[in-house]
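One structure is given below, encoded as C-alpha coordinates.
The values are calculated or read from the model by the stated rules, or taken from the named source; none is laboratory data. Everything quoted here is computed from the prediction, not taken from an experiment. Reconstructed Cβ throughout: ideal geometry from the backbone, glycine too, with neighbour counts over all protein chains shown. These area figures cover heavy atoms from the full protein model, side chains too; ligands, DNA and RNA do not enter into them. Shrake-Rupley method; radii C 1.70, N 1.55, O 1.52, S 1.80 Å.
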Amino acid sequence: MDKQQYIQETLDHQTKNTTPKYKTPLNIEKHAAKLYTRTIFRLIQVEIEESVWRCSHNVVNSEGVIETTIVKEKRKSQPVEDDLVPLQMYNTEPIHEFKVTRNTEDGNIECSCQMFLRLGILCKHIFHVLNNCDIEEIPEKYICKRWTKDLIPADVRQKKVLYSETDNEVEEMANKAISSVDYCLRALTNNKAELKEFMEKIEDMRTEIEAKELNQEKLPKEARYESMLGVRVREQNEIQNPTGIRNKGSGTGKRLKGPGEKAIE
Ligand SMILES: [Zn+2]
(Lines give C-alpha, C1' and ligand atoms only; values in the text may rest on other atoms or scores of the structure.)
Protein backbone atom coordinates (compact mmCIF):
# COMPACT_ATOMS: atom_id res chain seq x y z
CA MET A 1 0.00 0.00 0.00
CA ASP A 2 2.82 2.38 0.94
CA LYS A 3 4.54 1.68 -2.35
CA GLN A 4 1.34 2.25 -4.30
CA GLN A 5 0.64 5.51 -2.51
CA TYR A 6 4.20 6.66 -3.04
CA ILE A 7 4.01 5.93 -6.77
CA GLN A 8 0.67 7.71 -7.00
CA GLU A 9 1.98 10.78 -5.19
CA THR A 10 5.09 10.86 -7.38
CA LEU A 11 3.08 10.60 -10.59
CA ASP A 12 0.64 13.23 -9.36
CA HIS A 13 3.49 15.56 -8.58
CA GLN A 14 4.92 15.00 -12.04
CA THR A 15 1.55 15.64 -13.69
CA LYS A 16 0.90 18.75 -11.63
CA ASN A 17 4.25 20.47 -11.50
CA THR A 18 6.06 19.69 -14.72
CA THR A 19 5.33 20.45 -18.36
CA PRO A 20 5.93 17.71 -20.90
CA LYS A 21 8.05 18.19 -24.00
CA TYR A 22 5.79 18.86 -26.96
CA LYS A 23 6.44 17.04 -30.17
CA THR A 24 4.26 19.06 -32.53
CA PRO A 25 3.34 22.75 -32.69
CA LEU A 26 -0.35 21.82 -32.50
CA ASN A 27 -2.52 23.42 -29.84
CA ILE A 28 -4.49 20.21 -29.47
CA GLU A 29 -1.36 18.60 -27.99
CA LYS A 30 -1.11 21.33 -25.35
CA HIS A 31 -4.79 20.93 -24.63
CA ALA A 32 -4.28 17.19 -24.11
CA ALA A 33 -1.37 17.87 -21.76
CA LYS A 34 -3.61 20.12 -19.70
CA LEU A 35 -6.37 17.52 -19.40
CA TYR A 36 -4.80 14.14 -18.97
CA THR A 37 -2.52 12.47 -16.50
CA ARG A 38 1.03 12.23 -17.77
CA THR A 39 0.89 8.53 -18.53
CA ILE A 40 -2.20 8.87 -20.68
CA PHE A 41 -0.87 12.05 -22.26
CA ARG A 42 2.17 10.13 -23.52
CA LEU A 43 -0.13 7.65 -25.28
CA ILE A 44 -2.15 10.46 -26.82
CA GLN A 45 1.00 12.33 -27.80
CA VAL A 46 2.12 9.38 -29.91
CA GLU A 47 -1.23 9.47 -31.71
CA ILE A 48 -1.01 13.22 -32.29
CA GLU A 49 2.58 13.02 -33.51
CA GLU A 50 1.80 10.16 -35.87
CA SER A 51 -1.30 11.97 -37.12
CA VAL A 52 1.10 14.58 -38.47
CA TRP A 53 3.91 12.38 -39.78
CA ARG A 54 2.26 9.14 -40.75
CA CYS A 55 -1.21 10.08 -41.93
CA SER A 56 -2.46 11.64 -45.11
CA HIS A 57 -5.77 11.89 -46.92
CA ASN A 58 -6.99 12.92 -50.29
CA VAL A 59 -10.68 12.10 -50.39
CA VAL A 60 -13.31 14.02 -48.47
CA ASN A 61 -16.92 13.25 -49.24
CA SER A 62 -19.65 15.30 -47.72
CA GLU A 63 -23.29 14.36 -47.72
CA GLY A 64 -25.38 16.87 -45.84
CA VAL A 65 -23.80 17.21 -42.41
CA ILE A 66 -21.78 13.99 -42.66
CA GLU A 67 -18.20 14.34 -43.83
CA THR A 68 -16.31 11.16 -44.71
CA THR A 69 -12.54 11.18 -44.98
CA ILE A 70 -10.34 8.27 -46.00
CA VAL A 71 -7.19 8.57 -43.91
CA LYS A 72 -4.13 6.69 -45.08
CA GLU A 73 -1.63 5.59 -42.50
CA LYS A 74 1.90 4.47 -43.23
CA ARG A 75 2.79 1.83 -40.70
CA LYS A 76 6.38 1.33 -39.61
CA SER A 77 7.68 -1.61 -41.60
CA GLN A 78 8.89 -4.60 -39.65
CA PRO A 79 12.60 -5.20 -40.24
CA VAL A 80 12.98 -8.31 -42.37
CA GLU A 81 15.68 -10.64 -41.18
CA ASP A 82 16.14 -12.66 -44.35
CA ASP A 83 19.24 -11.48 -46.26
CA LEU A 84 17.87 -12.68 -49.56
CA VAL A 85 14.96 -10.25 -49.55
CA PRO A 86 15.53 -7.58 -52.23
CA LEU A 87 16.48 -4.15 -50.94
CA GLN A 88 13.29 -2.34 -51.94
CA MET A 89 11.33 -4.61 -49.59
CA TYR A 90 12.94 -2.81 -46.64
CA ASN A 91 11.64 0.51 -47.75
CA THR A 92 8.06 -0.34 -48.44
CA GLU A 93 5.86 0.93 -45.69
CA PRO A 94 2.52 -0.79 -45.73
CA ILE A 95 -0.32 1.68 -46.10
CA HIS A 96 -3.58 1.12 -44.27
CA GLU A 97 -6.77 2.99 -44.89
CA PHE A 98 -9.29 4.11 -42.31
CA LYS A 99 -12.65 5.74 -42.74
CA VAL A 100 -13.32 8.71 -40.48
CA THR A 101 -16.86 10.11 -40.44
CA ARG A 102 -17.56 13.47 -38.90
CA ASN A 103 -20.89 15.10 -38.25
CA THR A 104 -20.37 18.82 -38.73
CA GLU A 105 -23.55 19.65 -36.82
CA ASP A 106 -23.15 17.81 -33.50
CA GLY A 107 -19.39 17.23 -33.76
CA ASN A 108 -19.62 13.43 -33.55
CA ILE A 109 -16.58 11.79 -35.02
CA GLU A 110 -15.87 8.11 -35.57
CA CYS A 111 -13.06 6.08 -37.03
CA SER A 112 -13.21 2.59 -38.45
CA CYS A 113 -10.26 1.54 -36.24
CA GLN A 114 -12.53 2.01 -33.19
CA MET A 115 -9.67 2.95 -30.92
CA PHE A 116 -11.80 5.33 -28.87
CA LEU A 117 -14.29 2.57 -28.11
CA ARG A 118 -11.51 0.24 -27.01
CA LEU A 119 -9.19 2.55 -25.08
CA GLY A 120 -11.03 5.80 -24.47
CA ILE A 121 -8.46 7.85 -26.36
CA LEU A 122 -8.79 9.28 -29.85
CA CYS A 123 -6.75 7.72 -32.66
CA LYS A 124 -4.25 9.38 -35.01
CA HIS A 125 -6.79 9.23 -37.86
CA ILE A 126 -9.28 11.34 -35.93
CA PHE A 127 -6.52 13.74 -34.86
CA HIS A 128 -5.55 14.05 -38.51
CA VAL A 129 -9.10 15.00 -39.45
CA LEU A 130 -9.49 17.37 -36.48
CA ASN A 131 -6.24 19.08 -37.44
CA ASN A 132 -7.46 19.35 -40.99
CA CYS A 133 -10.65 21.05 -39.77
CA ASP A 134 -8.60 23.48 -37.61
CA ILE A 135 -10.06 22.12 -34.40
CA GLU A 136 -7.58 22.96 -31.68
CA GLU A 137 -9.12 21.32 -28.65
CA ILE A 138 -10.25 17.78 -27.95
CA PRO A 139 -14.07 17.87 -28.16
CA GLU A 140 -15.63 17.64 -24.71
CA LYS A 141 -17.58 14.46 -25.46
CA TYR A 142 -14.33 12.65 -26.30
CA ILE A 143 -12.61 13.49 -23.06
CA CYS A 144 -12.77 10.27 -21.12
CA LYS A 145 -13.21 11.23 -17.49
CA ARG A 146 -11.29 8.27 -16.17
CA TRP A 147 -8.04 9.46 -17.78
CA THR A 148 -8.18 13.05 -16.61
CA LYS A 149 -6.03 14.69 -13.96
CA ASP A 150 -8.68 15.77 -11.52
CA LEU A 151 -10.54 12.50 -11.20
CA ILE A 152 -9.64 11.88 -7.55
CA PRO A 153 -9.79 15.04 -5.46
CA ALA A 154 -6.44 15.36 -3.71
CA ASP A 155 -8.07 16.05 -0.33
CA VAL A 156 -9.93 12.77 -0.28
CA ARG A 157 -6.86 10.79 -1.02
CA GLN A 158 -4.78 12.64 1.50
CA LYS A 159 -7.26 11.90 4.24
CA LYS A 160 -6.85 8.22 3.51
CA VAL A 161 -3.08 8.53 3.45
CA LEU A 162 -2.91 10.40 6.71
CA TYR A 163 -5.45 8.60 8.85
CA SER A 164 -5.70 5.28 6.96
CA GLU A 165 -9.46 5.66 6.89
CA THR A 166 -10.85 2.15 6.54
CA ASP A 167 -14.41 2.60 7.73
CA ASN A 168 -16.39 1.28 4.75
CA GLU A 169 -19.47 3.23 5.62
CA VAL A 170 -17.51 6.48 5.77
CA GLU A 171 -15.82 5.68 2.50
CA GLU A 172 -19.11 4.88 0.81
CA MET A 173 -20.66 8.11 2.02
CA ALA A 174 -17.65 10.11 0.90
CA ASN A 175 -17.81 8.50 -2.54
CA LYS A 176 -21.53 9.24 -2.81
CA ALA A 177 -20.92 12.86 -1.83
CA ILE A 178 -18.18 13.21 -4.41
CA SER A 179 -20.25 11.73 -7.20
CA SER A 180 -23.22 13.96 -6.32
CA VAL A 181 -21.09 17.09 -6.33
CA ASP A 182 -19.44 15.94 -9.54
CA TYR A 183 -22.80 15.30 -11.16
CA CYS A 184 -24.15 18.71 -10.12
CA LEU A 185 -21.06 20.46 -11.42
CA ARG A 186 -21.27 18.75 -14.78
CA ALA A 187 -25.00 19.37 -15.07
CA LEU A 188 -24.64 23.05 -14.19
CA THR A 189 -21.52 23.98 -16.18
CA ASN A 190 -23.57 25.79 -18.77
CA ASN A 191 -25.88 27.48 -16.34
CA LYS A 192 -24.06 30.31 -14.63
CA ALA A 193 -26.88 31.43 -12.32
CA GLU A 194 -27.67 27.97 -10.98
CA LEU A 195 -24.02 27.12 -10.66
CA LYS A 196 -23.56 30.23 -8.56
CA GLU A 197 -26.44 29.22 -6.33
CA PHE A 198 -24.99 25.72 -5.94
CA MET A 199 -21.57 27.13 -5.13
CA GLU A 200 -23.05 29.46 -2.51
CA LYS A 201 -24.94 26.61 -0.84
CA ILE A 202 -21.78 24.52 -0.66
CA GLU A 203 -19.80 27.48 0.66
CA ASP A 204 -22.43 28.02 3.37
CA MET A 205 -22.13 24.41 4.45
CA ARG A 206 -18.39 24.75 4.48
CA THR A 207 -18.43 27.80 6.75
CA GLU A 208 -20.81 25.95 9.05
CA ILE A 209 -18.47 22.95 9.21
CA GLU A 210 -15.45 25.16 9.72
CA ALA A 211 -17.18 26.92 12.59
CA LYS A 212 -17.90 23.56 14.22
CA GLU A 213 -14.29 22.53 13.83
CA LEU A 214 -13.14 25.74 15.48
CA ASN A 215 -15.40 25.05 18.48
CA GLN A 216 -14.04 21.55 18.77
CA GLU A 217 -10.53 22.84 19.07
CA LYS A 218 -11.41 24.69 22.23
CA LEU A 219 -11.65 21.37 24.11
CA PRO A 220 -8.72 20.70 26.44
CA LYS A 221 -5.83 18.81 24.93
CA GLU A 222 -6.48 15.61 26.93
CA ALA A 223 -10.12 15.49 25.87
CA ARG A 224 -9.18 15.85 22.23
CA TYR A 225 -6.63 13.04 22.51
CA GLU A 226 -9.18 10.88 24.26
CA SER A 227 -11.74 11.39 21.53
CA MET A 228 -9.12 10.68 18.87
CA LEU A 229 -7.80 7.53 20.48
CA GLY A 230 -11.03 6.25 21.95
CA VAL A 231 -9.27 5.51 25.27
CA ARG A 232 -9.70 7.35 28.54
CA VAL A 233 -6.78 8.41 30.70
CA ARG A 234 -6.93 6.57 34.04
CA GLU A 235 -7.19 8.73 37.09
CA GLN A 236 -4.97 6.45 39.11
CA ASN A 237 -2.16 4.63 37.47
CA GLU A 238 -2.17 1.05 38.73
CA ILE A 239 0.76 -0.15 36.72
CA GLN A 240 4.11 1.06 38.04
CA ASN A 241 7.63 0.76 36.72
CA PRO A 242 9.29 -2.50 37.81
CA THR A 243 11.68 -2.16 40.76
CA GLY A 244 15.01 -3.81 41.54
CA ILE A 245 15.94 -4.58 37.99
CA ARG A 246 19.51 -3.91 36.95
CA ASN A 247 20.79 -4.52 33.51
CA LYS A 248 23.82 -6.67 32.80
CA GLY A 249 27.10 -4.84 33.28
CA SER A 250 25.61 -1.88 35.04
CA GLY A 251 28.38 -1.44 37.63
CA THR A 252 27.84 -4.40 39.97
CA GLY A 253 31.23 -5.92 39.19
CA LYS A 254 29.57 -9.14 38.16
CA ARG A 255 29.87 -8.50 34.45
CA LEU A 256 31.18 -11.43 32.46
CA LYS A 257 34.61 -10.78 31.02
CA GLY A 258 35.37 -11.45 27.40
CA PRO A 259 38.34 -13.58 26.26
CA GLY A 260 40.25 -10.46 25.17
CA GLU A 261 39.97 -8.89 28.61
CA LYS A 262 41.00 -12.14 30.27
CA ALA A 263 44.09 -12.43 28.05
CA ILE A 264 45.16 -8.88 29.00
CA GLU A 265 44.82 -9.74 32.68
ZN1 LIG B 1 -8.58 5.47 -36.29
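Before moving on, here are some points about what is shown:
- Net charge over other residues, Cβ less than 13 angstrom from the Cβ of residue 120 (K, R count +1; D, E count -1): +3
- Theoretical FRET efficiency, 1/(1+(r/R0)^6), r = Cβ-Cβ of residue 197 and residue 150, R0 22 Å, to 0.05: 0.45
- Exposure rank, largest accessible area first [76, 192; 1.4 Å]: 192, 76
- Ordering 193-201, 63-71 by mean Cβ neighbour count within 10 Å, with the highest value first, yields 63-71, 193-201.
- Surface share of carbon and sulfur [accessible, 1.4 angstrom probe, percent] for the range 18-147: 51 percent
- Annotation: lysines with alpha-carbon distance below 19 angstrom to residue 212 (same-chain offsets under eight excluded): 159, 201, 221.
- Surrounding net charge for residue 53, when Lys and Arg each add one and Asp and Glu each subtract one, Cβ distance under 10 Å: +2
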